[in-house]
Structures are given as C-alpha cells and as structure tokens.
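See below for the structure under consideration.
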Amino acid sequence: MPEPELLAAVITVTYNSSAQMLPWIEAIEALGVRDRLEVCVVDSGSDLAERRALRANVAPRVDHLLLEPNRGFGRSNNAGVAATTAPVLIFANPDTRLLTLPTGLSGDWQEGDAVGAVNHSSEPPMPNAFLHVPTARWQAMDMILGRLSPPVYVRASEGAAWLSGSALAISRADFMRAGRFPEDVFLYFEDLDLCLAHRDRGGRIVVDADWAVEHPGGAGTPEVGDSMDAVARLSGRRFVRHHQGPGRAALLYFVLVAFYVPRRAAGILLRRARGGDASLSVARLALDLIRPARVMRRLGAAR
C-alpha cells in the first residue's frame with residue numbers, strides 16, 4: 001500500500017522548552033491525520049539535560065529532531081524547512097496547541113496565501129494577525145514616549161499586514177519565493193519580515209477563522225530577564241534596515257542611545273527611590289541595550 005500523501009510539515013523551534021513538547025505532540029496526534037503530517041522539532045541550543053529529554057521523549061514521536069546550535073528562531077525554522085518535504089509549512093511555537101488545521105489543507109491549498117490562526121487562549125478568541133507595521137517612526141515613538149505612544153500591535157481579522165509566527169501556514173513555494181525567514185534577525189520580527197516579503201511578491205495575508213489554536217505565550221521565548229529587550233530592539237533595527245534602509249536603522253540606534261536608555265535608567269532609579277524592585281542593574285541594562293552582543297553571548301548564540 002502506498003504511503004499517504006503528506007498534507008503539511010509542522011515545524012517548531014525549542015529552546016529549553018522540552019516540558020512543552022509532549023502536549024504539543026499530543027495535540028497534533030489528536031487531529032487524526034498524524035500519518036499525513038511531517039512533524040519536525042528543531043532544538044536551538046538547549047542545555048544538555050533538555051536535549052536528553054528531547055531524545056528520550058520527543059524523537060520517537062516525530063519525523064525529524066534536529067539538534068542545532070542556538071542560531072535563533074528564523075534560522076532554526078529554515079533548517080526545519082530544509083529537513084522536510086511536505087508542500088505546506090505550518091510554523092507553531094512549542095506552547096501552541098493545534099486544535100484544528102488550516103481549512104485549505106482539506107482541499108487545494110490556495111497558492112499565494114500566508115494563513116494565520118485564531119487564538120482561543122484569549123477571551124474572546126483573537127486572530128494571530130496584526131493591522132499595523134512597526135516602522136522606524138513607530139519604533140522611535142515607542143522608545144521616546146513609552147506607554148503614551150500610539151498602539152501598533154492591533155489585531156485584525158480583515159486587512160491584516162502580517163501574522164504571528166506562533167501559528168502561521170504558507171506553501172513551501174511561497175515561503176521560498178519570499179526568501180525564507182531572515183537569518184540576520186535572531187528573535188522577534190522574523191514573522192513580520194517574512195509576511196512583508198511575501199506581500200511584496202503579490203502574496204496575501206489571510207486569517208482562517210476555522211483554524212483554531214491555543215497559545216498562552218511565553219514558553220517558546222528564551223528569557224534572560226529584562227535583557228531580551230535589547231534583542232528586540234536590535235531585531236527592530238534590522239527589520240527597518242531591510243525595508244526602510246540603513247539610514248533609518250541608524251537613526252533608531254541614535255534614538256535608543258539618546259532617549260531610550262536614559263528613559264529606562266530613570267525609570268529604574270525612580271522605582272528604587274519609591275522602594276520598588278532594585279534587582280535590575282542600570283549599568284547592565286544600558287550596556288545590554290547599547291551592545292546587544294552581550295545578551296547574545298549569554299544566550300549562547302551561534303554565528
């Protein structure tokens with residue numbers, strides 16, 4: 001009897017998140033089409049105990065387990081794409097539970113669509129799609145004004161500009177035409193960059209109201225205290241360089257040094273004066289923001 005035709009490859013990237021993986025796999029198996037899904041787990045630089053757990057508990061139940069250096073979300077997902085062959089790619093974080101599959105998999109997949117899910121972890125359920133793009137102007141206002149800046153991460157079912165990579169589906173052909181995930185962005189902004197590259201090539205951003213997931217968030221993101229802010233700011237500048245040019249990226253770095261670092265430092269000192277949390281070092285935060293390579297080293301990031 002011939003092997004059943006593959007519907008999609010389901011790819012996740014782990015970083016010290018092995019505890020999430022059995023529920024992640026069980027949710028996929030509960031969909032009832034496990035034999036038609038190519039499941040790939042890419043570990044991005046977890047510690048030895050985590051990798052032992054992945055080998056023991058995860059490897060027997062997936063099609064591919066790749067143990068990679070910590071090269072970040074985008075490059076690790078690209079490695080998962082290269083290891084798989086299915087015609088449609090589903091990217092799902094370790095703490096994303098697939099309750100259903102994209103409806104396009106039940107018939108002919110619509111080429112040109114990048115498809116987002118609806119997150120049922122929130123009440124009411126929210127689309128994993130966003131209306132606005134965090135351009136250089138918005139990022140600068142956010143660094144200067146903080147909570148007073150205009151909201152940019154506004155979710156939308158219609159007319160969305162981009163999709164969250166926590167649950168994103170796209171054909172392999174469209175993914176490759178868009179240039180894959182950017183490999184110079186370590187974490188954050190990769191999904192946005194991919195969606196804009198897809199749109200630039202005539203692709204569509206679509207929310208599938210019947211693709212249901214649960215994604216409470218947090219477990220798929222390596223946290224090193226408040227220092228991950230430095231990584232997010234670096235990724236934001238690299239995104240701007242890709243889409244708005246190096247001049248605006250350089251301007252964002254100037255805003256970070258001249259306005260954001262002093263504002264964050266003043267906030268920490270004010271909280272201390274009021275008897276608040278004194279654990280965060282002003283010097284460490286400032287150095288991390290100005291030289292994010294410090295955070296990358298602490299994460300064990302590979303070149």
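What the table below lists for this structure:
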item: Positions within the stretch 234-282 being among the β-branched types (Val, Ile, Thr) and at pLDDT 90 or above, in sequence order; result: 240, 255, 257, 261
item: Total residues in the stretch 155-175, condition charged (D, E, K, R) and part of a helix (DSSP H, G or I); result: 2
item: Residue identified as closer than 21 Å to residue 186 by Cα and surrounded by fewer than 16 Cβ atoms within 10 Å (Cβ to Cβ) among 95, 47; result: 47
item: Qualifying position, being closer than 27 Å to residue 251 by Cβ and either of a type in the set (A, V, I, L, M) or at pLDDT 95 or above (or both), among 132, 120; result: 132
item: Boolean, residue 152 is open to solvent by 20 Å² or more (accessible area, probe 1.4 Å) and either basic (Lys, Arg) or outside any strand (DSSP E or B) (or both); result: no
item: Among the residues listed as 185, 133, the single one being in a loop (DSSP other than H, G, I, E, B), open to solvent by less than 10 Å² (accessible area, probe 1.4 Å) and farther than 19 Å from residue 10 by Cβ; result: 185
item: Hits in the stretch 188-207 - residues which are part of a strand (DSSP E or B) and either free of Cβ contacts under 8 Å to residues at least 12 places away in the same chain or surrounded by 19 or more Cβ atoms within 10 Å (Cβ to Cβ) (or both); result: 205, 206, 207
item: From the options 144, 90, 170, residue that is out of contact with any Lys or Arg (no Cβ under 6 Å at 6 or more places or on another chain) and open to solvent by 10 Å² or more (accessible area, probe 1.4 Å); result: 144
item: Every residue from the stretch 53-93 that is of a type in the set (Phe, Trp, Tyr) and over 18 Å from residue 29 (Cα atoms); result: 73
item: Search result, residues across the stretch 82-96 that are under 15 Å from the mean Cα position of the chain (by Cα) and not aromatic (Phe, Trp, Tyr); result: 89, 90, 92, 93, 94, 95, 96
item: Residue satisfying condition, being open to solvent by less than 20 Å² (accessible area, probe 1.4 Å) and under 22 Å from residue 209 (Cα atoms), within set 115, 58, 33, 41; result: 115
item: The stretch 155-167 - residue that is open to solvent by 10 Å² or more (accessible area, probe 1.4 Å) and of a type in the set (S, T, N, Q) and, of those, farthest from residue 198 (Cα to Cα); result: 157
item: Cβ-Cβ under 7 Å pairs, at least 6 apart or on other chains, the stretch 111-128 side in a loop (DSSP other than H, G, I, E, B), far side modelled with pLDDT of 95 or more and basic (Lys, Arg); result: 112/204
item: Counted residues, the stretch 65-99 - those being more than 13 Å from residue 165 (Cβ to Cβ) and among the polar types (S, T, N, Q); result: 3
item: Helices (runs of 4 or more DSSP H) lying entirely in the stretch 239-303 (those with 2 or more residues that are surrounded by 15 or more Cβ atoms within 10 Å (Cβ to Cβ), touching a residue at least 60 places away in the same chain (Cβ under 8 Å) and within 27 Å of the chain's Cα centre (by Cα)); result: 246-255, 282-290, 293-299
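The values are calculated or read from the model by the stated rules, or taken from the named source; none is laboratory data. Just so we're clear, the structure is a prediction, and the values are computed from it rather than from any experiment. Heads up, the Cβs are rebuilt from the backbone with ideal geometry, glycines too, and the neighbour counts pull from every protein chain shown. All accessible areas refer to the heavy atoms of the entire protein, side chains included, with ligands and DNA or RNA removed. Shrake-Rupley method; radii C 1.70, N 1.55, O 1.52, S 1.80 Å.
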